[in-house]
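Presented below is the structure to which this report refers.
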Amino acid sequence: MLVIGLLGFAALALRLGVWQLHRRTQRRAANAVILAARSAPELEIASRGPQALANRRVRAEGIYDRTHELVLRGQVYQEVPGIVLVTPLRLAARGDTAVLVERGFVPAPDAVTLPPRTASLEEPGLQSVRGVALPLSAAADSGAPLEHEGRTTWRRLDLAALRARLPYPILDAAIRQTPDSALPRMPRRREAAALDDGPHLNYAIQWFAFGVIAVVFAGVFWRKK
């Protein structure tokens, strides 16, 4: 029975290894689509018609609404804990519509509390924002908003929950503002996340190794038997 169990585990490990290789292929295909979108010409968010914004390099003009600013908690940048400021940008060319702008990272020891406001965080007046448009999640957990010292913090941006809370329409993608030497030092702008194959190949190798080990032990026990 032990030999049969080991061979059964080896077959399962082989199947899981092949599945991880399949996941890597899927991820590569998805990354290719994202890279193609990022390589397309910059898109100006100005027209009122439908626009495919996800993963495009975009530009938008408008005025920040800091009254409804969002805080993403539990962020880490270069091993420093902090928060990320996400501010609605009331679009000058789209009436009452806004787009969320991930303005950047601000250090915070507890990764929850926004430090006292400084002039660099205000950015008043008409702003021209450039960055990469990232699709907003529509999962069902509402981004896990929490109240902390009279301010709501979010684990992530959730499209349905935000549309329910904000007093005006928002687009279905948020702009991650890219670094620019002309911008204030804080908040710290971040590039869009790098694309890679993920851990799937390492996981596949581990599963194949487990399968080989199981077959070897099965052979040892069979010979002893």
What three numbers, in Å, describe the spread of the alpha carbons of the chain along their principal axes, ordered from the longest? 81, 40, 35
Could you tally the net charge around SER128, taking each other residue with its Cβ under 9 Å from the Cβ of SER128, Lys/Arg +1 and Asp/Glu -1? +1
quick note, the chain, DSSP beta bridge pairs, % antiparallel (nearest 5) is 80 percent
FRET efficiency estimate (nearest 0.05) - Cβ-Cβ, VAL212 to MET1, R0 22 angstrom: 0.55
Whole-Hz Karplus ³J(HN,Hα) for the stretch 56-69, in order, using 6.51 cos²θ - 1.76 cosθ + 1.60 and θ = phi - 60°, x for Gly and Pro? 8, 6, 10, 9, 9, 10, x, 10, 5, 9, 6, 4, 10, 5
Local charge sum around TYR64 (other residues, Cβ-Cβ under 12 Å, Lys/Arg +1, Asp/Glu -1)? -2
Can you sort MET1, MET186 so the residue with the fewest Cβ neighbours within 10 Å comes first? MET1, MET186
Fewest-first ordering of ASP172, ASP96 by Cβ atoms within 10 Å yields ASP96, ASP172
Distance in nm between label sites at ARG223 and ARG151, each 7 Å beyond Cα in the beta-carbon direction? 6.7 nm
Evaluate the relative contact order of the chain (contact order divided by residue number), counting alpha-carbon pairs under 8 angstrom at least 6 apart; express in whole percent. 27 percent
Where in the stretch 68-87 does the label zone of ASP180 land, with the point 7 angstrom along Cα→C-beta and an amide N cut-off under 18 Å? 85-87
So if R0 is 41 Å, what FRET efficiency would TYR168 and SER39 give, r being the distance between their Cβ atoms, rounded to the nearest 0.05? 0.80
Return the distance in nm (one decimal) between the two label points of a simple spin-label model at ALA29 and ASP197, each offset 7 Å from Cα along Cα→Cβ. 1.7 nm
For ARG59, what residues show an amide H to amide H distance below 5 Å, using hydrogens built from the backbone and excluding near sequence neighbours? LEU43, GLU44, ILE45
Taking neighbour counts of Cβ atoms within 10 Å as a proxy for exposure, in what order, fewest first, do ILE175, ILE205 appear? ILE205, ILE175
DSSP loop GluC sites (Glu not before Pro) with at most 11 other Cβ within 10 Å excluded, longest remaining stretch of the chain: 80-148
Considering amide H positions built from the backbone, and no H for Pro or chain starts, which residues 5 or more places from SER137, or on another chain, come under 5 Å of its amide H? LEU159
In angstroms, what radius of gyration and Dmax does the stretch 1-118 have, counting Cα atoms only? 22.8, 72
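Every read-out reported here was derived from the displayed coordinates using simple, explicitly stated rules and does not represent laboratory data. This structure is a prediction, so every number in the text was calculated from the model and none was measured. Backbone-built Cβ (ideal geometry, glycine too); neighbour counts: all protein chains shown.
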